[in-house]
Amino acid sequence: MNDRVTVEIKDGVADVRLVRVDKMNALDNAMFAALVETGERLKTEKGVRAVVLSGEGRAFCAGLDMGNFAQMASGEGRRSSEALVTTKRTPGGANHAQQACMVWREIPVPVIGAIHGVAFGGGFQLALGCDIRLVTADVKLAVLEIKWGLVPDMAGIVLMRGLVRDDVARELTFTGRIFGGEEAVAMGLATRVCADPRADALAMAAEIAGKNPEAIRAGKRLLNLAAEADQPAILMAESQEQGALIGSANQVEAVMANLQKRAPQFAD
């Protein structure tokens, strides 16, 4: 499809791959655009009955591109933060970055994520946008935004709330700790551990593609409806909190400390 995401459709299964291999499929503006464009295309693509979303190379998605963090530590950060709240939103309440994750829930057929390597921050939230998540045992996952002095703002709060207990979501958000595949399954953030998630995801997608497509679509509509109460308000709250954080003194300090490989010094 472009130099960020590829799509191959065969026998009713759309095989979607993140292909920014040299950057571990990190999220830059082009990747955000490619994810949204791909998802929107698949909403209406005739003959698609299931989707597999995976990353090529060493990782599913390493999260936000480092260049974006460097911009946050400059004057550009405060200006760009305003767009999180003021930008045009989808009918579901998502801004552009949130839609890169939410669009997979809006695709009318099941989306199976095959997660390996790492899925940090925005990459983890992208994984949560899938209906089903197959992971390796040694995968590294994290709600990593707090490392950069931020909160999850790519629909992570909306997506986590239906998967884990409130205290678990809070612990992961507040600590940013890294956890593996077995723990992700135990917490409810992954469906199951597989030796080869992509192969298993493609096999599952082929099985789903063989079911009644109208029933599959109806099932997804019902499951989405059950999970969407107050979604626009939560998505807006994500953006407001993130907009207040980007470019603030402690957030800049978090970025600079990471870039300079030193301990951060936060002000109360």
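The values are calculated or read from the model by the stated rules, or taken from the named source; none is laboratory data. Remember, it's a predicted structure, so these values are computed and weren't measured experimentally. All Cβ positions, glycine included, derive from the backbone under ideal geometry; neighbour counts span all protein chains shown.
Looking across region 24-55, the residues that are more than 16 Å from the chain's Cα centre (by Cα) and either crowded, with 24+ Cβ neighbours inside 10 Å or without any contact (Cβ under 8 Å) to a residue 60 or more places away in the chain (or both) come down to 41, 44, 45, 46, 47, 50.
Being of a type in the set (Phe, Trp, Tyr) and either farther than 21 Å from residue 23 by Cβ or in contact (Cβ under 8 Å) with a residue 60 or more places away in the chain (or both) is a property that residue 124 has.
For region 204-247, enumerate the residues that are of a type in the set (Asp, Glu), free of Cβ contacts under 8 Å to residues at least 12 places away in the same chain and outside any helix (DSSP H, G or I).
Of the residues in region 204-247, the ones of a type in the set (Asp, Glu) are 207, 214, 228, 230, 238, 241.
Remaining after also requiring free of Cβ contacts under 8 Å to residues at least 12 places away in the same chain: 207, 214, 230.
230, the sole residue that qualifies.
Check region 131-143 and report whether any residue there is within 13 Å of the chain's Cα centre (by Cα) and either among the aromatic types (Phe, Trp, Tyr) or at pLDDT below 95 (or both). For region 131-143, residues within 13 Å of the chain's Cα centre (by Cα) and either among the aromatic types (Phe, Trp, Tyr) or at pLDDT below 95 (or both): absent. I need the full set of residues from region 217-260 which are in contact with a Lys or Arg (Cβ under 7 Å, 6 or more places away or on another chain) and closer than 22 Å to residue 47 by Cβ, in order please. Correct list: 224 only. Checking each residue of region 57-67 against the condition of being at pLDDT below 95 and part of a helix (DSSP H, G or I) gives at least one match. Candidates 251, 242: the one that is crowded, with 18+ Cβ neighbours inside 10 Å, touching an Asp or Glu at 6+ places or on another chain (Cβ under 6 Å) and either under 23 Å from residue 175 (Cβ atoms) or basic (Lys, Arg) (or both) is 242. Pairs linking a residue in region 85-114 that is without any contact (Cβ under 8 Å) to a residue 40 or more places away in the chain to a residue that is crowded, with 23+ Cβ neighbours inside 10 Å and in a helix (DSSP H, G or I), with Cβ atoms under 8 Å and 6 or more positions apart or on different chains, are 90/99; 90/102.
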